[in-house]
Amino acid sequence: MTIMRYKHSMRILGIESSADDSGVALIEASGAFGKDFHFKVLANEVASQHHAEYGGIFPNVAKNEHIKNLPLLLEKALLNDEKPDVIAVTVGPGLAPCLWAGITFAQKLAQKWNVPVVAVNHLEGHIVMSMMKDAALAAIEYPVLALLISGGNTQLVLSREPFRYEIIGKTRDDAAGEAFDKVGRMLGVPYPGGAELSRLAAQARAEGLVADFKLPRPMLHEDNYEFSFSGLKTAALRIVEKAGNVSDELRKRMARELEESIADVLVSKTLRAVEAYGVTTVVTGGGVAANTFIRAQLEAALSQAGVALLVCPPQLSTDNGLMIALPGYFHALQKDFADPMTLRANPDLVLGEKE
Ligand code: KG4
């Protein structure tokens, strides 16, 4: 089996289906990590599902959407019907039925094209995605600290060397994105509420609307790297119940206060870890990293501490195939291939563990 079609480059097909976004991307990449790595995005097709009417993701509905979407995205992504050299697919963490949709799709393609498959951890995808800049690697000094903030995860991950991860802290209950989504629901904002709450918070700031109540900053002063966001929805609910109804003004004030509470906690825990581990580069990724206010707060605090912050463009912070194709390339370079027929979905896959 020939793995490389060109002498110095590889074409990787990335497949993502861990939650409610289906993604298929094709990249051409060459070089080694930290040396002469370059890549070209040939395609990055995403189909976002709309689960607003359910107030959350229904795994089996999402699975069927993935099964329908993935072949359509592939058709758009494959230029001249050429087969890629490697297929990279998300195997976890995520919703089992959704992960299986991508895995089954990858298995069929691997068989049809007779090409190797690489299993990718979705969270590694967010990290590697944020390290890429202008089609090359950003200058990166290790150790690197990654702040992963999405709808399903909130973690601080230490990487002492490329592609090695240690989770140093995570949420004990809800993820940061979940806090946005749950409070959003309470305020009558369609699921997922993060982006809309962020827009409302910005409006509140522009109009000088400050909350006349305070949400907690959970675990802010605890000397660890753990998070807990479930208390925010309880505190928000108490305020909404007391108000009796949700006025436009309350919605904006709450959005602002919630965003500021989440930002305060994320920034302070990140700074604590930066200091403790002597980190000079922080990477952030996941849907909540698309939040402009949180990005700006992180950027300001870290730059004051002389630490670089790497993020990717907001539209690449949410789930897509490119973030799977990129780590897929590096795993393929290390010949870290999986047997396509024994691939399994691993909904609880942890960073640093074998896929
Ligand atoms: O990474 P992602 O696309 O999917 C997974 O959870 O894996 O993240 C989705 C989460 C949702 O909770 C959504 O509300 C949140 O990211 N989100 C945001 C913003 N954009 C998306 N939260 C705050 N501000 C945003 N601009």
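Tell me, yes or no, whether the stretch 196-218 has at least one residue that is touching a strand residue (DSSP E or B) at 6+ places or on another chain (Cβ under 9 Å), more than 9 Å from the ligand (Cβ to nearest atom) and of a type outside the set (Val, Ile, Thr).
Yes, the stretch 196-218 contains at least one residue that is touching a strand residue (DSSP E or B) at 6+ places or on another chain (Cβ under 9 Å), more than 9 Å from the ligand (Cβ to nearest atom) and of a type outside the set (Val, Ile, Thr).
Does the stretch 64-85 contain any residue that is without any contact (Cβ under 8 Å) to a residue 40 or more places away in the chain and either within 30 Å of Pro218 (Cα to Cα) or touching a helix residue (DSSP H, G or I) at 6+ places or on another chain (Cβ under 7 Å) (or both)?
So far as the stretch 64-85 goes, yes, one or more of its residues are without any contact (Cβ under 8 Å) to a residue 40 or more places away in the chain and either within 30 Å of Pro218 (Cα to Cα) or touching a helix residue (DSSP H, G or I) at 6+ places or on another chain (Cβ under 7 Å) (or both).
Which of the helices (runs of 4 or more DSSP H) contained wholly in the stretch 57-171 include at least 2 residues that are closer than 30 Å to Gly306 by Cβ?
Per the criteria, 122-131.
Hey, can you tell me all the residues within the stretch 165-195 that are open to solvent by less than 50 Å² (accessible area, probe 1.4 Å), aromatic (Phe, Trp, Tyr) and within 16 Å of the ligand (Cβ to nearest atom)?
If the condition is that a residue be open to solvent by less than 50 Å² (accessible area, probe 1.4 Å), aromatic (Phe, Trp, Tyr) and within 16 Å of the ligand (Cβ to nearest atom), then Phe180 is the only one that fits.
A quick yes/no check of all residues on (1) assigned by TED's automatic domain parsing to the domain that holds Leu145; (2) within 15 Å of the ligand (Cβ to nearest atom):
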position: Gly278; (1), (2): yes, no
position: Ala290; (1), (2): yes, yes
position: Leu298; (1), (2): yes, yes
position: Ser303; (1), (2): yes, no
position: Leu309; (1), (2): yes, no
position: His331; (1), (2): no, no
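When you go through Ala110, Ala62 one by one, which is the residue that is within 16 Å of the ligand (Cβ to nearest atom) and not assigned by TED's automatic domain parsing to the domain that holds Val279? Don't jump to the end; show me each part of the working.
On the way: Ala110 fails: within 16 Å of the ligand (Cβ to nearest atom).
That would be Ala62, the only listed residue that is within 16 Å of the ligand (Cβ to nearest atom) and not assigned by TED's automatic domain parsing to the domain that holds Val279.
Out of (1) within 16 Å of the ligand (Cβ to nearest atom); (2) closer than 30 Å to Pro143 by Cα; (3) without any contact (Cβ under 8 Å) to a residue 40 or more places away in the chain, what's the single condition that is false for His50?
It fails just one condition, (2).
Return the only residue of Pro143, Pro162, Pro93, Pro116 being farther than 21 Å from Thr318 by Cα, open to solvent by less than 30 Å² (accessible area, probe 1.4 Å) and in contact (Cβ under 8 Å) with a residue 24 or more places away in the chain.
Numbers: Pro143 fails: open to solvent by less than 30 Å² (accessible area, probe 1.4 Å); Pro162 fails: open to solvent by less than 30 Å² (accessible area, probe 1.4 Å); Pro93 fails: farther than 21 Å from Thr318 by Cα.
So the residue among Pro143, Pro162, Pro93, Pro116 that is farther than 21 Å from Thr318 by Cα, open to solvent by less than 30 Å² (accessible area, probe 1.4 Å) and in contact (Cβ under 8 Å) with a residue 24 or more places away in the chain is Pro116.
The values are calculated or read from the model by the stated rules, or taken from the named source; none is laboratory data. In this text the structure is predicted, and so the values were computed from the model without any measurement. Please note: Cβ atoms are built from the backbone with ideal geometry, for glycine as well, and neighbour counts cover all protein chains shown. Accessible surface areas use protein heavy atoms only, side chains included; no ligands, DNA or RNA. Shrake-Rupley method; radii C 1.70, N 1.55, O 1.52, S 1.80 Å.
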